[in-house]
Amino acid sequence: MKWTKIEDGLPKFDEKVLLYCQRQSKGDRRIVIGNRCNDRYIDFQSWDFHEDENVKVTHWMPLPAPPKEEPPSKFKQTKLDL
């Protein structure tokens, strides 16, 4: 999977994707999970300063596929020493 520049295309509506974001005022950069709500707005799900107008999404990438799970009968129980 590769990062896609926002200028080169947007994700499908309501598709959860990884977003690479920058906050202009402080230079912070983060990767968060979000989704496209309309043509230009992307709804952040986990960024504490998502309402800041200085936040710019520069790239996005589809989420990876979840891990394949083994049937319950094949799980090995492991004792953890804490």
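Overview of values
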quantity: Matching option when the condition is surrounded by 11 or more Cβ atoms within 10 Å (Cβ to Cβ), modelled with pLDDT under 80 and of a type in the set (A, V, I, L, M), among VAL55, VAL32; calculated: VAL55
quantity: Any chance TRP60 is in a strand (DSSP E or B), among the aromatic types (Phe, Trp, Tyr) and either modelled with pLDDT under 85 or touching a Leu at 6+ places or on another chain (Cβ under 6 Å) (or both); calculated: yes
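The values are calculated or read from the model by the stated rules, or taken from the named source; none is laboratory data. The shown structure was predicted, so the numbers you read here are calculated from the model rather than taken from an experiment. Note: ideal-geometry Cβ built from the backbone for every residue, glycine included; neighbour counts use all protein chains shown.
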